[in-house]
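The values are calculated or read from the model by the stated rules, or taken from the named source; none is laboratory data. All values reported here derive from a predicted model rather than from experimental measurement. Note that each Cβ is placed from the backbone with ideal geometry, even for glycine, and that neighbours are counted across all protein chains shown. Only protein heavy atoms, including side chains, enter the accessible area calculation; ligands, DNA and RNA are left aside. Shrake-Rupley method; radii C 1.70, N 1.55, O 1.52, S 1.80 Å.
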Amino acid sequence: MKSLPFSLVAFFLPAVVISGYELVQDYSGISFFDQWDFYGSWDNLTLGDVWWLNRDDAFKQQLAYINSAGNAVMKVDNTNTVVFNEKRASIRITSQQAYGVGSLWVADMVHIPFGCSVWPAFWTKGPTWPDNGEIDIMEAINLMQSNQMALHTLPGCFQSTPANQMGTSGELDCSQPSGCLVTETAPNSFGQGFAAAGGGVFAAQFDVAGIWFWSRPNIPQSILQSTSTSSLDVSDWGAPSASYPVSGCDITKFFTAQNLILDITLCGIWAGLPAQYLPACGGSGPTGICYNDNVVGSGSRYDDAYFEVKYVRAYTTPGSGPTPTAVAANAASFTPMTSSSSAGPTLSQGGALHVHCLMIALMISLTMMFAMLFL
Ligand SMILES: *[C@@H]1O[C@H](CO)[C@@H](O)[C@H](O)[C@H]1NC(C)=O
(Lines give C-alpha, C1' and ligand atoms only; values in the text may rest on other atoms or scores of the structure.)
Protein backbone atom coordinates (compact mmCIF):
# COMPACT_ATOMS: atom_id res chain seq x y z
CA MET A 1 0.00 0.00 0.00
CA LYS A 2 3.00 2.30 0.30
CA SER A 3 3.77 2.60 -3.38
CA LEU A 4 0.72 4.66 -4.34
CA PRO A 5 1.05 7.39 -1.68
CA PHE A 6 4.77 7.63 -2.34
CA SER A 7 4.17 8.29 -6.00
CA LEU A 8 1.63 10.94 -4.99
CA VAL A 9 4.29 12.73 -2.99
CA ALA A 10 6.74 12.38 -5.84
CA PHE A 11 4.13 13.88 -8.11
CA PHE A 12 3.53 16.91 -5.96
CA LEU A 13 7.11 17.63 -5.01
CA PRO A 14 8.27 18.93 -8.40
CA ALA A 15 5.71 21.71 -8.18
CA VAL A 16 7.64 23.09 -5.23
CA VAL A 17 11.24 22.06 -5.87
CA ILE A 18 11.53 24.00 -9.08
CA SER A 19 14.27 23.07 -11.48
CA GLY A 20 15.52 25.25 -14.29
CA TYR A 21 16.98 28.68 -13.78
CA GLU A 22 16.60 30.25 -10.35
CA LEU A 23 16.21 33.98 -9.95
CA VAL A 24 19.23 35.73 -8.44
CA GLN A 25 18.39 39.37 -9.00
CA ASP A 26 15.45 41.36 -10.31
CA TYR A 27 16.07 44.95 -11.35
CA SER A 28 12.69 46.60 -11.82
CA GLY A 29 10.26 49.20 -10.58
CA ILE A 30 11.22 51.98 -8.21
CA SER A 31 14.32 50.10 -7.01
CA PHE A 32 15.62 49.45 -10.54
CA PHE A 33 18.68 51.70 -10.21
CA ASP A 34 19.61 50.77 -6.63
CA GLN A 35 22.24 48.18 -7.46
CA TRP A 36 23.99 49.73 -10.43
CA ASP A 37 26.96 52.10 -10.52
CA PHE A 38 26.80 55.19 -12.71
CA TYR A 39 29.99 55.75 -14.70
CA GLY A 40 30.74 59.44 -13.99
CA SER A 41 33.25 60.14 -16.76
CA TRP A 42 33.36 61.03 -20.42
CA ASP A 43 33.24 57.98 -22.72
CA ASN A 44 36.92 57.09 -22.41
CA LEU A 45 36.23 53.57 -23.73
CA THR A 46 34.65 53.99 -27.15
CA LEU A 47 35.60 57.69 -27.42
CA GLY A 48 32.02 58.81 -27.89
CA ASP A 49 30.99 62.44 -27.50
CA VAL A 50 29.13 61.95 -24.25
CA TRP A 51 29.64 62.61 -20.58
CA TRP A 52 28.20 59.67 -18.65
CA LEU A 53 26.71 61.27 -15.56
CA ASN A 54 27.29 60.15 -12.01
CA ARG A 55 24.27 58.97 -10.02
CA ASP A 56 23.37 62.32 -8.46
CA ASP A 57 23.57 64.25 -11.72
CA ALA A 58 21.74 61.52 -13.62
CA PHE A 59 18.71 61.84 -11.34
CA LYS A 60 18.99 65.60 -10.97
CA GLN A 61 19.08 66.13 -14.72
CA GLN A 62 16.31 63.56 -15.21
CA LEU A 63 18.32 61.43 -17.60
CA ALA A 64 17.66 58.41 -15.37
CA TYR A 65 14.28 57.92 -13.73
CA ILE A 66 11.33 55.59 -13.26
CA ASN A 67 8.39 56.63 -15.44
CA SER A 68 4.67 56.45 -14.64
CA ALA A 69 4.50 52.93 -16.09
CA GLY A 70 7.09 51.83 -13.51
CA ASN A 71 9.77 51.35 -16.18
CA ALA A 72 13.39 52.53 -15.93
CA VAL A 73 14.31 55.26 -18.42
CA MET A 74 17.91 56.08 -19.36
CA LYS A 75 18.38 58.77 -21.95
CA VAL A 76 20.64 61.13 -23.83
CA ASP A 77 20.13 64.78 -22.93
CA ASN A 78 17.70 66.10 -25.54
CA THR A 79 16.92 69.48 -23.98
CA ASN A 80 20.23 71.30 -23.39
CA THR A 81 22.25 73.06 -26.08
CA VAL A 82 25.78 71.72 -26.51
CA VAL A 83 28.39 74.11 -27.87
CA PHE A 84 31.27 73.04 -30.09
CA ASN A 85 33.99 71.06 -28.27
CA GLU A 86 31.70 70.04 -25.44
CA LYS A 87 30.08 66.71 -24.85
CA ARG A 88 26.45 65.75 -24.38
CA ALA A 89 25.20 64.14 -21.18
CA SER A 90 24.13 60.50 -21.28
CA ILE A 91 23.93 57.40 -19.07
CA ARG A 92 26.06 54.33 -18.55
CA ILE A 93 25.27 51.96 -15.69
CA THR A 94 27.12 48.84 -14.52
CA SER A 95 25.60 46.20 -12.27
CA GLN A 96 27.29 46.04 -8.88
CA GLN A 97 26.91 42.29 -8.95
CA ALA A 98 28.98 40.13 -11.30
CA TYR A 99 27.43 36.90 -12.59
CA GLY A 100 29.43 33.73 -13.14
CA VAL A 101 29.33 31.06 -15.80
CA GLY A 102 25.95 29.31 -15.67
CA SER A 103 24.03 32.57 -15.42
CA LEU A 104 21.12 33.66 -17.56
CA TRP A 105 20.07 37.28 -18.13
CA VAL A 106 16.69 38.42 -19.41
CA ALA A 107 15.84 42.03 -20.21
CA ASP A 108 12.40 43.28 -21.25
CA MET A 109 12.70 46.61 -23.04
CA VAL A 110 9.92 48.83 -24.39
CA HIS A 111 12.31 51.15 -26.23
CA ILE A 112 15.99 51.18 -27.17
CA PRO A 113 17.85 54.29 -28.36
CA PHE A 114 18.25 54.90 -32.07
CA GLY A 115 18.97 57.63 -34.60
CA CYS A 116 21.95 59.15 -36.39
CA SER A 117 25.07 59.16 -34.13
CA VAL A 118 23.32 57.04 -31.47
CA TRP A 119 25.13 53.93 -30.22
CA PRO A 120 23.36 52.00 -27.45
CA ALA A 121 24.39 48.69 -25.95
CA PHE A 122 23.29 46.10 -23.44
CA TRP A 123 26.43 44.10 -22.77
CA THR A 124 28.60 42.40 -20.19
CA LYS A 125 32.27 42.49 -19.26
CA GLY A 126 34.71 41.21 -16.66
CA PRO A 127 37.09 43.39 -14.63
CA THR A 128 39.77 43.52 -17.36
CA TRP A 129 39.02 44.02 -21.03
CA PRO A 130 39.28 42.01 -23.19
CA ASP A 131 41.08 39.47 -21.00
CA ASN A 132 37.95 38.62 -19.02
CA GLY A 133 35.61 38.56 -22.02
CA GLU A 134 32.71 40.64 -23.25
CA ILE A 135 29.24 39.59 -24.41
CA ASP A 136 27.29 42.05 -26.54
CA ILE A 137 23.65 41.11 -26.18
CA MET A 138 22.21 44.20 -27.85
CA GLU A 139 24.31 46.66 -29.81
CA ALA A 140 23.67 48.67 -32.96
CA ILE A 141 24.25 52.16 -34.35
CA ASN A 142 22.75 54.96 -36.38
CA LEU A 143 19.83 53.83 -38.54
CA MET A 144 20.51 50.09 -38.45
CA GLN A 145 17.41 47.93 -38.49
CA SER A 146 18.91 44.85 -36.84
CA ASN A 147 20.64 44.03 -33.60
CA GLN A 148 24.19 42.69 -33.65
CA MET A 149 25.47 40.19 -31.10
CA ALA A 150 29.12 39.42 -30.42
CA LEU A 151 31.70 37.94 -28.06
CA HIS A 152 35.01 39.72 -27.53
CA THR A 153 37.92 37.72 -26.12
CA LEU A 154 41.67 37.21 -26.20
CA PRO A 155 42.90 35.10 -29.17
CA GLY A 156 41.77 31.46 -29.17
CA CYS A 157 37.97 31.73 -28.96
CA PHE A 158 35.88 31.24 -32.11
CA GLN A 159 32.29 30.78 -33.09
CA SER A 160 32.26 27.26 -34.47
CA THR A 161 30.21 26.62 -37.59
CA PRO A 162 27.66 25.58 -38.45
CA ALA A 163 26.13 27.02 -35.33
CA ASN A 164 22.58 26.12 -34.37
CA GLN A 165 21.22 29.65 -34.56
CA MET A 166 18.67 31.84 -36.35
CA GLY A 167 20.97 34.82 -36.98
CA THR A 168 23.67 35.30 -39.64
CA SER A 169 27.31 34.85 -38.64
CA GLY A 170 29.95 37.35 -39.76
CA GLU A 171 33.45 37.34 -38.26
CA LEU A 172 34.06 34.05 -36.46
CA ASP A 173 37.22 35.01 -34.53
CA CYS A 174 36.16 36.55 -31.22
CA SER A 175 39.52 38.31 -30.82
CA GLN A 176 39.02 40.44 -33.93
CA PRO A 177 37.92 44.09 -33.42
CA SER A 178 34.31 43.30 -34.37
CA GLY A 179 34.24 40.28 -32.08
CA CYS A 180 32.64 37.08 -33.38
CA LEU A 181 29.60 38.72 -34.80
CA VAL A 182 26.06 37.54 -35.47
CA THR A 183 23.40 39.73 -37.04
CA GLU A 184 19.78 39.24 -36.00
CA THR A 185 17.43 38.14 -38.78
CA ALA A 186 14.13 38.38 -36.89
CA PRO A 187 12.38 41.68 -37.69
CA ASN A 188 12.17 44.68 -35.35
CA SER A 189 15.26 43.97 -33.25
CA PHE A 190 16.44 47.60 -33.38
CA GLY A 191 15.45 51.14 -34.32
CA GLN A 192 12.01 52.45 -35.19
CA GLY A 193 10.78 48.91 -35.83
CA PHE A 194 11.68 47.75 -32.32
CA ALA A 195 9.82 50.68 -30.80
CA ALA A 196 6.79 50.35 -33.09
CA ALA A 197 6.37 46.68 -32.12
CA GLY A 198 6.29 47.64 -28.45
CA GLY A 199 9.84 46.51 -27.85
CA GLY A 200 10.83 42.99 -26.95
CA VAL A 201 12.97 40.74 -24.82
CA PHE A 202 16.69 39.97 -25.04
CA ALA A 203 18.17 37.02 -23.19
CA ALA A 204 21.62 35.48 -22.89
CA GLN A 205 22.81 32.21 -21.41
CA PHE A 206 26.31 32.68 -20.13
CA ASP A 207 27.46 29.05 -20.18
CA VAL A 208 26.72 28.31 -23.83
CA ALA A 209 26.45 32.01 -24.62
CA GLY A 210 23.29 31.62 -26.62
CA ILE A 211 21.55 34.95 -27.22
CA TRP A 212 17.83 35.27 -27.91
CA PHE A 213 15.61 38.08 -29.08
CA TRP A 214 11.84 38.14 -29.29
CA SER A 215 9.82 41.05 -30.57
CA ARG A 216 6.90 41.85 -28.23
CA PRO A 217 4.33 39.66 -30.08
CA ASN A 218 6.65 36.63 -30.02
CA ILE A 219 7.77 36.52 -26.40
CA PRO A 220 7.47 32.91 -25.17
CA GLN A 221 4.99 31.94 -22.46
CA SER A 222 7.78 31.05 -20.03
CA ILE A 223 8.91 34.67 -20.04
CA LEU A 224 5.44 36.22 -20.19
CA GLN A 225 4.47 34.22 -17.12
CA SER A 226 7.69 34.81 -15.20
CA THR A 227 7.59 37.24 -12.33
CA SER A 228 10.09 39.21 -10.29
CA THR A 229 10.45 36.21 -7.99
CA SER A 230 9.81 33.09 -10.09
CA SER A 231 12.24 30.65 -11.62
CA LEU A 232 12.44 30.25 -15.38
CA ASP A 233 12.12 27.15 -17.55
CA VAL A 234 13.72 27.83 -20.93
CA SER A 235 12.37 24.76 -22.72
CA ASP A 236 9.99 26.78 -24.94
CA TRP A 237 12.65 29.17 -26.22
CA GLY A 238 13.63 27.46 -29.48
CA ALA A 239 16.92 28.07 -31.27
CA PRO A 240 18.83 31.19 -30.24
CA SER A 241 19.58 34.14 -32.50
CA ALA A 242 23.28 33.67 -31.81
CA SER A 243 24.94 30.51 -30.55
CA TYR A 244 28.52 30.08 -29.38
CA PRO A 245 29.07 26.35 -28.84
CA VAL A 246 31.85 25.25 -26.50
CA SER A 247 33.43 23.38 -29.40
CA GLY A 248 34.69 26.73 -30.68
CA CYS A 249 35.27 28.55 -27.43
CA ASP A 250 36.04 27.35 -23.94
CA ILE A 251 33.85 29.87 -22.15
CA THR A 252 35.35 29.19 -18.72
CA LYS A 253 38.83 29.90 -20.10
CA PHE A 254 38.00 33.19 -21.84
CA PHE A 255 35.39 34.62 -19.49
CA THR A 256 35.30 35.48 -15.81
CA ALA A 257 32.15 36.57 -13.96
CA GLN A 258 30.47 39.38 -15.92
CA ASN A 259 28.94 42.68 -14.90
CA LEU A 260 25.92 43.88 -16.87
CA ILE A 261 26.11 47.24 -18.60
CA LEU A 262 23.53 49.49 -20.23
CA ASP A 263 24.89 52.55 -21.98
CA ILE A 264 24.27 55.07 -24.71
CA THR A 265 27.14 56.81 -26.42
CA LEU A 266 27.23 59.11 -29.46
CA CYS A 267 29.53 58.89 -32.50
CA GLY A 268 32.81 57.39 -31.18
CA ILE A 269 34.84 54.59 -32.71
CA TRP A 270 31.90 52.81 -34.33
CA ALA A 271 28.84 55.02 -34.93
CA GLY A 272 31.04 58.01 -35.78
CA LEU A 273 33.46 56.33 -38.18
CA PRO A 274 32.94 57.86 -41.64
CA ALA A 275 32.65 54.38 -43.17
CA GLN A 276 29.72 53.67 -40.83
CA TYR A 277 28.27 57.12 -40.40
CA LEU A 278 28.32 58.51 -43.94
CA PRO A 279 26.28 55.87 -45.80
CA ALA A 280 23.52 55.93 -43.20
CA CYS A 281 23.49 59.52 -41.97
CA GLY A 282 25.94 61.60 -44.03
CA GLY A 283 23.13 63.50 -45.69
CA SER A 284 21.29 64.26 -42.48
CA GLY A 285 23.27 67.44 -41.66
CA PRO A 286 25.32 70.20 -43.27
CA THR A 287 28.84 68.86 -42.55
CA GLY A 288 28.50 65.08 -42.81
CA ILE A 289 30.47 64.85 -39.56
CA CYS A 290 28.82 62.84 -36.80
CA TYR A 291 29.71 65.16 -33.92
CA ASN A 292 29.05 68.47 -35.69
CA ASP A 293 25.71 67.51 -37.17
CA ASN A 294 24.22 65.79 -34.14
CA VAL A 295 25.88 66.30 -30.77
CA VAL A 296 26.39 70.05 -31.18
CA GLY A 297 23.20 72.06 -31.01
CA SER A 298 19.82 71.88 -29.34
CA GLY A 299 19.54 68.15 -28.70
CA SER A 300 16.31 67.86 -30.66
CA ARG A 301 17.86 65.00 -32.63
CA TYR A 302 17.83 62.82 -29.52
CA ASP A 303 14.14 62.43 -28.79
CA ASP A 304 14.44 58.69 -29.59
CA ALA A 305 17.75 58.20 -27.80
CA TYR A 306 16.46 56.48 -24.68
CA PHE A 307 16.10 53.07 -23.07
CA GLU A 308 12.82 52.20 -21.43
CA VAL A 309 13.30 48.97 -19.51
CA LYS A 310 10.60 46.95 -17.78
CA TYR A 311 13.10 44.73 -16.03
CA VAL A 312 16.48 43.08 -16.12
CA ARG A 313 16.62 39.71 -14.38
CA ALA A 314 19.59 37.52 -13.58
CA TYR A 315 19.20 33.79 -13.03
CA THR A 316 21.50 30.93 -12.21
CA THR A 317 21.43 27.17 -12.56
CA PRO A 318 21.25 25.47 -9.18
CA GLY A 319 24.71 24.08 -8.41
CA SER A 320 27.38 24.23 -11.07
CA GLY A 321 26.87 20.93 -12.89
CA PRO A 322 24.07 20.76 -15.44
CA THR A 323 24.18 22.47 -18.79
CA PRO A 324 21.04 24.46 -19.62
CA THR A 325 19.98 21.82 -22.12
CA ALA A 326 20.15 19.13 -19.45
CA VAL A 327 18.27 21.33 -17.03
CA ALA A 328 15.55 22.02 -19.56
CA ALA A 329 15.22 18.31 -20.33
CA ASN A 330 14.92 17.41 -16.64
CA ALA A 331 12.66 20.29 -15.74
CA ALA A 332 9.25 19.46 -14.38
CA SER A 333 6.41 20.83 -16.46
CA PHE A 334 6.03 23.54 -13.88
CA THR A 335 3.54 26.26 -14.62
CA PRO A 336 4.31 29.56 -12.93
CA MET A 337 1.68 30.45 -10.40
CA THR A 338 1.16 34.02 -11.49
CA SER A 339 -0.06 34.52 -15.01
CA SER A 340 -1.41 38.03 -14.72
CA SER A 341 -0.84 40.05 -17.86
CA SER A 342 0.75 42.80 -15.79
CA ALA A 343 3.57 40.47 -14.79
CA GLY A 344 6.07 43.23 -15.55
CA PRO A 345 7.18 45.63 -12.90
CA THR A 346 4.40 47.84 -11.72
CA LEU A 347 4.00 49.97 -8.67
CA SER A 348 1.88 47.23 -7.11
CA GLN A 349 4.81 44.85 -7.32
CA GLY A 350 5.11 44.59 -3.54
CA GLY A 351 1.59 43.27 -3.29
CA ALA A 352 2.09 40.74 -6.07
CA LEU A 353 5.28 39.54 -4.41
CA HIS A 354 3.43 39.04 -1.13
CA VAL A 355 0.70 36.95 -2.76
CA HIS A 356 3.35 34.95 -4.57
CA CYS A 357 5.17 34.09 -1.34
CA LEU A 358 1.92 33.07 0.28
CA MET A 359 1.15 30.72 -2.61
CA ILE A 360 4.57 29.10 -2.38
CA ALA A 361 4.15 28.68 1.37
CA LEU A 362 0.71 27.16 0.80
CA MET A 363 2.07 24.68 -1.75
CA ILE A 364 4.92 23.66 0.55
CA SER A 365 2.46 23.14 3.39
CA LEU A 366 0.17 21.04 1.19
CA THR A 367 3.06 18.89 0.03
CA MET A 368 4.26 18.38 3.60
CA MET A 369 0.73 17.39 4.63
CA PHE A 370 0.68 14.81 1.86
CA ALA A 371 4.05 13.53 3.00
CA MET A 372 2.95 13.30 6.63
CA LEU A 373 -0.35 11.64 5.77
CA PHE A 374 1.01 8.96 3.53
CA LEU A 375 4.54 8.15 4.69
C1 LIG B 1 37.89 56.03 -17.67
O2 LIG B 1 37.42 56.80 -16.61
C3 LIG B 1 37.12 56.07 -15.44
C4 LIG B 1 36.47 57.00 -14.44
O5 LIG B 1 37.25 58.14 -14.22
C6 LIG B 1 38.41 55.44 -14.91
O7 LIG B 1 38.13 54.69 -13.75
C8 LIG B 1 38.99 54.54 -15.99
O9 LIG B 1 40.23 54.04 -15.58
C10 LIG B 1 39.17 55.28 -17.30
N11 LIG B 1 39.48 54.33 -18.35
C12 LIG B 1 40.36 54.59 -19.29
C13 LIG B 1 40.52 53.53 -20.32
O14 LIG B 1 41.02 55.61 -19.32
* What does the charge count near Q148 come to, summing +1 for each Lys or Arg and -1 for each Asp or Glu among other residues with Cβ under 9 Å from its Cβ? -> -3
* To do: Determine the shape class of the range 16-175: with a ≥ b ≥ c the square roots of the Cα gyration tensor eigenvalues, call it rounded for a/c under 1.5, and otherwise prolate if a/b is greater than b/c, oblate otherwise.
  => oblate
* **Per-residue HN-Hα couplings for the range 195-212 [Karplus 6.51, -1.76, 1.60; θ = phi - 60°; Hz; x = Gly/Pro]** => 5, 5, 7, x, x, x, 10, 10, 9, 9, 9, 7, 7, 9, 6, x, 10, 10
* Using Cα positions and a limit of under 17 Å, work out the aspartates and glutamates in reach of K75, with same-chain residues fewer than 8 apart set aside. => D37, D43, D49, D56, D57, D108, E139, D263, D303, D304, E308
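Counting only heavy atoms of the protein chains, get the accessible area per residue of the range 119-263 (1.4 Å probe) and round it to a whole Å² value. Spell out each step's value before the answer.
Values: 5000 Å² over 145 residues.
Per-residue value: 34 Å².
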* **Whole-Hz ³J(HN,Hα) from phi, Karplus 6.51 cos²θ - 1.76 cosθ + 1.60, for the range 231-240, glycine and proline x** => 7, 9, 9, 8, 5, 9, 7, x, 5, x
* Can you check what the net charge comes to around V246, using other residues whose Cβ is under 14 Å from the Cβ of V246 (Lys, Arg +1; Asp, Glu -1)? => -1
* Considering only protein heavy atoms and a 1.4 Å probe, what is the carbon-and-sulfur percentage of the accessible area of the range 99-245? -> 57 percent
* To do: Please report how far the C-alpha centroid of the range 225-278 lies from that of the range 97-154, rounded to the nearest whole angstrom.
  => 5 Å
* What order, most packed first, do the peptides 99-111, 245-257 have when packing is the mean number of other Cβ atoms within 10 Å of each residue? -> 99-111, 245-257
